[in-house]
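Note sheet for the following structure.
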Amino acid sequence: MADATDSAASDPSTKMSVLLSLLQFLKPYRLRIGIFLIALVFTAMVTLSVGQGLKLVIDQGFSQQSQDHLNTAIIFILVASGLMALGTYVRFYLISWLGERVSADIRTAVFNHVVNLHPAFFETNRSGDIMSRLTSDTTLLQSIIGSSMSIALRSSISFTGALIMLLITNLKLSLIILLAVPLVLMPILVFGRSVRKLSRESQDSIADVGSYAGEVIQHIKTVQSFTQEQQEKSAFGAEVERAFVVAKRRVSQRAVLIAVVILLVFSALSVMLWVGGSDVINGTMTGGDLGAFIFYAVLMATGVASLSEVYGELQRAVGATERLMELLQADNQILAPQSATLSAADLDPVIELHNLSFRYPSRPEQPALKDFSLRIEKNQIVALVGPSGAGKSTIFDLIQRFYDPQQGRLCFGGTDIRELDPQDLRRQIAVVQQQPTLFTGDVMYNIRYGNPEASDEQVMAAAVAAHADDFIRRLPDGYASDLGEQGVRLSGGQRQRLAIARALLKDPRILLLDEATSALDAESEYRVQLALDKLMKGRTTVIIAHRLATILHADQILVMDAGQPVAQGTHQSLLASCPLYERLAKLQFSSAE
């Protein structure tokens with residue numbers, strides 16, 4: 001992976017495609033960019049005119065001892081300074097606005113794309129790295145566009161304008177400068193590739209640090225429960241040091257680049273001053289010409305020095321843009337058909353799995369399902385039973401079309417789900433997970449997540465049905481109580497009941513229950529089970545069962561092992577015909593007794 005990244009970073013065509021991708025986000029703001037460029041050129045021209053004012057001060061003010069000429073020259077310089085300040089204001093405001101706007105657009109575009117990506121993408125890409133790209137990379141891009149790019153353009157125009165004025169002012173001295181330019185540009189080109197590669201590595205290492213810290217903080221209770229604070233401190237310190245080592249190499253390369261450029265620039269200036277000073281002494285050049293020439297030479301040298309310094313920042317921008325564009329261009333493997341003529345809402349909630357074989361992309365050597373077939377009739381309750389790794393959760397993933405099987409078909413109402421819009425399909429399904437997901441926000445927001453259009457009364461009715469209303473009203477602010485990150489302020493049973501209320505509010509035609517009552521105490525489990533029994537009536541329901549006592553009412557129980565069906569029937573028939581089910585039942589019911 002690293003080798004591929006390095007080769008891509010050094011490929012000029014890749015660099016060009018990255019910059020072209022960035023230009024797509026600049027296109028909507030062509031008018032502002034045009035005004036910015038006009039202000040930039042105007043400011044550069046006014047700056048160059050100051051050199052002529054300096055020439056007037058020396059030749060007509062000082063040399064001729066004329067107060068009038070001196071006054072005129074100073075007024076000229078003051079007017080030029082005022083115009084320069086006005087142009088700088090317009091230029092700075094527009095480019096800063098552009099940096100903020102484009103970074104916001106890129107951040108939004110990347111997030112919108114990532115949210116629609118298939119779950120397999122997140123098996124091989126860490127959430128911390130994605131967050132780093134959305135935050136630190138876009139922030140870096142904002143500063144680059146808002147300041148560094150402006151400096152680079154200004155320096156380029158100043159360099160070109162100063163070079164033209166040098167040629168007009170004195171050709172001999174200009175040749176000295178022109179001979180020095182290739183020597184100055186060479187280290188920029190030589191060090192530039194190395195700086196860009198290190199910039200990419202630096203951004204990746206910073207993402208690693210953020211990802212590691214986020215994981216530890218997310219599971220802080222586990223860390224403290226196992227008293228691993230010291231180990232995590234050491235491990236995090238090592239991650240930080242690795243990031244620092246990469247950053248140090250990048251800074252070292254930039255420092256060498258800047259030092260070499262400054263040395264070459266001022267060496268050339270020294271030679272030019274010696275030759276020009278000799279011409280003034282010999283009378284072949286006026287002091288005003290030399291003064292103007294020095295002004296333009298310094299302006300040109302400053303432009304080159306600024307370019308060498310900003311070049312490293314622009315390389316960092318290319319590295320950050322590469323990382324963002326990788327996300328933005330990531331292929332989504334779960335797509336809606338180009339012409340979806342059928343709506344899942346018009347189909348019967350009948351689920352059929354025909355000879356499915358499936359392997360997770362992150363574990364291609366390990367089959368999750370092998371030649372698996374199952375039919376779940378409308379309004380039927382089917383329970384999936386089996387040891388861990390049997391493939392029960394995989395069926396839930398495939399029903400929701402988080403993945404497509406490598407072989408076989410999965411049909412909804414007799415139609416292959418690949419012919420349906422995934423979002424349209426998922427609107428027919430509600431899932432209650434064993435470990436429910438809650439979002440930072442209040443109770444009302446989390447329940448309403450099942451149906452954003454629901455009224456407050458409907459939300460409360462769903463909470464009552466899920467036996468959650470009592471504990472919600474005991475919270476400090478009732479339904480407006482903030483739950484904290486991932487619902488950390490609630491107990492496990494309370495989180496589970498909120499998740500059930502959310503599913504109730506969605507009012508689906510298919511229910512997927514991953515042992516939805518497992519986190520509840522006996523009394524709450526009894527109440528919620530009554531609510532679930534009522535909810536399951538008139539709906540197609542699939543239950544992942546870890547406790548057999550909760551599925552005795554199921555129409556069919558499917559026993560699974562190693563990704564294949566072992567037996568199917570009712571509780572009583574399986575006790576008599578399936579040794580695996582009989583063993584599981586004996587273990588659980590004898591333990592319960």
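Listed values, structure above:
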{"item": "Qualifying residue in segment 505-512 (condition: modelled with pLDDT of 85 or more and of a type in the set (Lys, Arg))", "result": "yes"}
{"item": "Residue ID - farthest from GLU215 (Cα to Cα), chosen from residues in segment 459-495 that are among the β-branched types (Val, Ile, Thr) and part of a helix (DSSP H, G or I)", "result": "VAL464"}
{"item": "Check on ALA9, surrounded by 16 or more Cβ atoms within 10 Å (Cβ to Cβ), modelled with pLDDT under 85 and either in the same structural domain as GLY319 (by TED's automatic domain parsing) or assigned to a helix (DSSP H, G or I) (or both)", "result": "yes"}
{"item": "Residue within segment 392-400 that is out of contact with any helix residue (DSSP H, G or I) (no Cβ under 9 Å at 6 or more places or on another chain), charged (D, E, K, R) and buried (at least 21 other Cβ atoms within 10 Å of the Cβ) present", "result": "yes"}
{"item": "Unique match (being closer than 27 Å to ASP397 by Cβ and in contact with an Asp or Glu (Cβ under 7 Å, 6 or more places away or on another chain)) among GLY487, GLY493", "result": "GLY493"}
{"item": "Unmet criterion (only one of (1) closer than 23 Å to ASP129 by Cβ; (2) surrounded by fewer than 16 Cβ atoms within 10 Å (Cβ to Cβ); (3) of a type in the set (Phe, Trp, Tyr)) for TYR212", "result": "(2)"}
{"item": "Filter result (surrounded by fewer than 19 Cβ atoms within 10 Å (Cβ to Cβ) and either outside the structural domain of VAL382 (by TED's automatic domain parsing) or within 17 Å of ALA503 (Cα to Cα) (or both)) within segment 401-425", "result": "GLN423, ASP424"}
{"item": "Any hit, segment 115-129, residues being surrounded by 19 or more Cβ atoms within 10 Å (Cβ to Cβ) and closer than 27 Å to LEU40 by Cβ", "result": "no"}
{"item": "Some residue of segment 182-201 being at pLDDT 70 or above, among the aromatic types (Phe, Trp, Tyr) and within 28 Å of SER136 (Cα to Cα)", "result": "no"}
{"item": "Residues that are surrounded by fewer than 13 Cβ atoms within 10 Å (Cβ to Cβ) and at pLDDT below 85, drawn from segment 68-99", "result": "ASP68, ASN71, ILE75, LEU78"}
{"item": "Pairs, first of a type in the set (A, V, I, L, M, F, W, C) in segment 280-294, second assigned to a loop (DSSP other than H, G, I, E, B), C-beta under 6 Å, six or more apart", "result": "PHE293/ASN170"}
{"item": "One residue from ARG427, ARG502, ARG448 being under 24 Å from GLY538 (Cβ atoms) and in contact with a Phe, Trp or Tyr (Cβ under 7 Å, 6 or more places away or on another chain)", "result": "ARG502"}
{"item": "Hey, MET536 buried (at least 22 other Cβ atoms within 10 Å of the Cβ), under 18 Å from ARG375 (Cα atoms) and touching a residue at least 24 places away in the same chain (Cβ under 8 Å) or not", "result": "no"}
{"item": "Complete set of residues in segment 546-562 that are in contact with a Gly (Cβ under 9 Å, 6 or more places away or on another chain), surrounded by 22 or more Cβ atoms within 10 Å (Cβ to Cβ) and part of a loop (DSSP other than H, G, I, E, B)", "result": "none"}
{"item": "Test: THR284 is exposed (fewer than 14 other Cβ atoms within 10 Å of the Cβ) and on the phi > 0 side of the Ramachandran plot", "result": "no"}
{"item": "Positions within segment 339-391 being surrounded by 22 or more Cβ atoms within 10 Å (Cβ to Cβ) and in a loop (DSSP other than H, G, I, E, B), in sequence order", "result": "PRO349, GLY386, ALA390, GLY391"}
{"item": "Matching entry among GLN253, GLN315, GLN333 (being within 34 Å of the chain's Cα centre (by Cα) and not in a helix (DSSP H, G or I))", "result": "GLN333"}
{"item": "Test: residue in segment 46-55 that is at pLDDT 70 or above, part of a helix (DSSP H, G or I) and under 22 Å from SER147 (Cβ atoms)", "result": "yes"}
{"item": "Matching residues in segment 221-275 - criterion: being of a type in the set (D, E, K, R), surrounded by 16 or more Cβ atoms within 10 Å (Cβ to Cβ) and without any contact (Cβ under 8 Å) to a residue 40 or more places away in the chain", "result": "GLU232, GLU239"}
{"item": "Qualifying residue in segment 276-286 (condition: touching a Lys or Arg at 6+ places or on another chain (Cβ under 7 Å), over 30 Å from GLU123 (Cβ atoms) and among the charged types (D, E, K, R))", "result": "no"}
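The values are calculated or read from the model by the stated rules, or taken from the named source; none is laboratory data. Remember, predicted model here, so these are calculated numbers, not experimental data. With ideal geometry, Cβ positions are generated from the backbone for all residues, glycine too; neighbour counts draw on all protein chains shown.
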